Amino acid sequence: MSRLAAPLRASSRALGASSKVVASSTSRALLRPAARNATRALSTTPARRGAAPDPMTGELFTLPDINPNNLVIKKNTNPKAPPPSNQLAFGHTFTDHMLTIPWDATKGWGTPTIEPYGPFHLEPSSTVLHYAQTLFEGMKAYRDDNGKVTLFRPDMNMKRMNNSAQRLALPTFSGDAVLELIKKLVALDKHWIPQEPGHSLYIRPTLIGNQKSIGVGPPNEALLFVICSPVGPYYAQGFKPVALYGTTEFSRAYPGGTGAYKLGANYAPGVLAQKFAATKGYAQNLWLFGEENYLTEVGTMNLFVVLKKPDGTTELVTPPLDGMILPGVTRDSVLALAREHIAGQKIPDLPDNLVVSERPIKMAEVQQAARDGTLVEMFGAGTAAVISPVNKVGFKGEDIHIPTGEDGMGPLSRPIWKHLTGIQRGAIPSLWSVEVA
Ligand code: COI
């Protein structure tokens, strides 16, 4: 067992130092790196995996991580028949099994169990029910015509889940171990993966704090679970561009906050904002930040804007990962494909004179581009919908119209979507596809 007292002390010193910077400045430029540094300092200590004090010396000992070799499988003796694919509504149907892994502050990670999907027993005092100690991931499994099952870039989800856990002071874990267990779960329920184009199995790994106490602090118990839901295309009737409400009344994220993590607490407050947008006739929120109305995200997705530049290039812009933006897997994939295209690995039909920018973009720039006729397109990118084109943004009482093609997509989103979904379905070979044995 390794002694961890020193790294723990070092990390709390680092956090203390950075916190002072956060408290003493309101500048975006200062606040964000400070918060990032504090988080990074904590995430590099081995103590994040969970540690318990030696009863004699008080020194900290590492606790067991998740061990896939200990997996217990309790098969569902009453399995259901998967519904016809054309009756699937996003996130309403669940497969026969789920994965659960308990964690205890004194014992570390416990026995991983694949068991029948069903309700949990949670005490009313469970911290998750009071203080939103919950985080999640969204990932997908695909099944091709030959029955081969693949996951799309699952390592990214495991990394992000650990970052979220660390941000919520929940226990972290070996991402490789959880991925191995997720593969076992998906393999067991693989007949639930719809094979039709645009269909997949949406996988929802979740981690909650479930200490039986209403005190606020790092919980002494946690539960990691994974459930699976067969899903069809997000837009059943083909691409339907969405109208966005440029939202200034509510904030999704702010410097030093949790916008860069996939926490349940980031989503619940967005529901009222979405209802507000709906009363004004818009489908989703375009989350704007600050007095200068920086564009940040759209609904539950990352955002891309495409602009025609005076030098003849086409610029694909997305807000930078400055601490307020979720590091989306689809966001990263869109950027990587566009950059590979520029570097010579061509994507059919994608313009050649492309420039990729991760940079701040304000509403004033979008308004000006719309006036100049240089606003090419705007789209959201996320695991659930993959690509979601935008045709209108309501801002300060006026509608900005965004061009869309007849199929609802634009000149960049269309080829990128085709290529990305080709990889996801296994039609285009890629290292991003990870096979479930
Ligand atoms: C996604 O699009 O990836 C999401 O996270 C949506 C989910 C909250 C339903």
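We did not get these values from a lab; they are worked out from the coordinates using the rules stated. Just so it is clear, the model here is predicted, and its values are computed rather than measured. Glycine also receives a Cβ, built like all others from the backbone with ideal geometry; neighbour counts cover every protein chain displayed.
Show me, for the range 174-180, the HN-Hα J-couplings you get by feeding each phi into the Karplus relation (A = 6.51, B = -1.76, C = 1.60, θ = phi - 60°), rounded to Hz, glycine and proline as x.
Coupling constants for the range 174-180: 6, x, 5, 5, 5, 4, 4 Hz.
Name the long-range amide H neighbours of N285: under 5 Å, sequence gap of 5 or more, or other chain; modelled H, no Pro or chain starts.
Excluding prolines and chain starts, which carry no amide H, the hits are Y245, G299.
How large is the convex hull of the Cα atoms of the range 314-353 per residue, expressed in Å³ as a whole number?
Spread over its residues, the Cα hull of the range 314-353 gives 70 Å³ apiece.
Taking the highest mean first, how do the peptides 287-295, 327-335 order by number of other beta carbon atoms within 10 angstrom per residue?
327-335, 287-295
Based on the mean of other beta carbon atoms within 10 Å per residue, what is the order of 384-393, 296-305, most packed first?
For the peptides 384-393, 296-305, the packing ranking is 296-305, 384-393.
For the chain, modelled as a Gaussian network with Cα springs under 10 Å, which listed residue fluctuates most, I214, I193, I101?
I214
Compute a Gaussian network model of the chain, connecting alpha carbons closer than 10 Å, and tell me which residue from P351, P154, P124 fluctuates the most.
P124
Please sort 108-121, 420-433 by packing, taking for each peptide the average over its residues of neighbouring beta carbons within 10 angstrom, highest first.
Final packing ranking: 420-433, 108-121.
Pick from R371, R160, R414 the residue whose mean-square fluctuation is largest in a GNM of the chain, springs joining Cα atoms under 10 Å.
R371
In sequence order, what are the phi-derived ³J(HN,Hα) couplings for the range 221-228 according to the Karplus relation 6.51 cos²θ - 1.76 cosθ + 1.60 with θ = phi - 60°, rounded to whole Hz, with x for glycine and proline?
Running phi through 6.51 cos²θ - 1.76 cosθ + 1.60 with θ = phi - 60° gives 9, 8, 9, 9, 9, 9, 10, 10 Hz.
When N counts the residues of the chain, how does its alpha-carbon radius of gyration compare numerically with 2.2 N^0.38 Å, as a ratio?
Rg over 2.2 N^0.38 Å, computed on Cα atoms: 1.02.
Checking the table K107/K184; K275/K392; K309/K396; K148/K346; K183/K240; K140/K309 against a 29 Å threshold on Cα-Cα, which pairs fail?
The pairs that break the limit, which is 29 Å between Cα atoms, are K183/K240; K140/K309.
Decide, for the range 223-269, between rounded, prolate and oblate: order the square roots of the alpha carbon gyration tensor eigenvalues as a ≥ b ≥ c, take rounded if a/c falls under 1.5, and otherwise choose prolate if a/b is larger than b/c, else oblate.
Oblate, because a/c is 1.5 or more while a/b does not exceed b/c.
What distance in nm lies between label points placed 7 Å from Cα along the C-beta direction at D144 and K280?
Simple spin-label model gives 4.6 nm for this pair.
Once you keep just the Cα pairs under 8 angstrom separated by 6 or more residues, what percentage relative contact order results for the range 274-387?
So the answer I get is 32 percent.
Place +1 on the Cβ of every Lys and Arg and -1 on the Cβ of every Asp and Glu in the chain, take the dipole about the Cα centre, and give the residue among N391, F289, G257 whose Cα lies farthest towards its positive end.
G257
For the range 148-162, take each phi angle, set θ = phi - 60°, evaluate the Karplus expression 6.51 cos²θ - 1.76 cosθ + 1.60, and give the result in whole Hz per residue in order, putting x for glycine and proline.
Per residue, the Karplus-derived 3J(HN,Hα) values read 6, 10, 10, 10, 9, 6, x, 4, 5, 5, 5, 5, 5, 5, 5 Hz.
Tell me which aspartates and glutamates have Cα within less than 20 Å of K75's Cα, excluding those fewer than 8 residues away on the same chain?
Reachable aspartates and glutamates: D96, E115, E180, D189.
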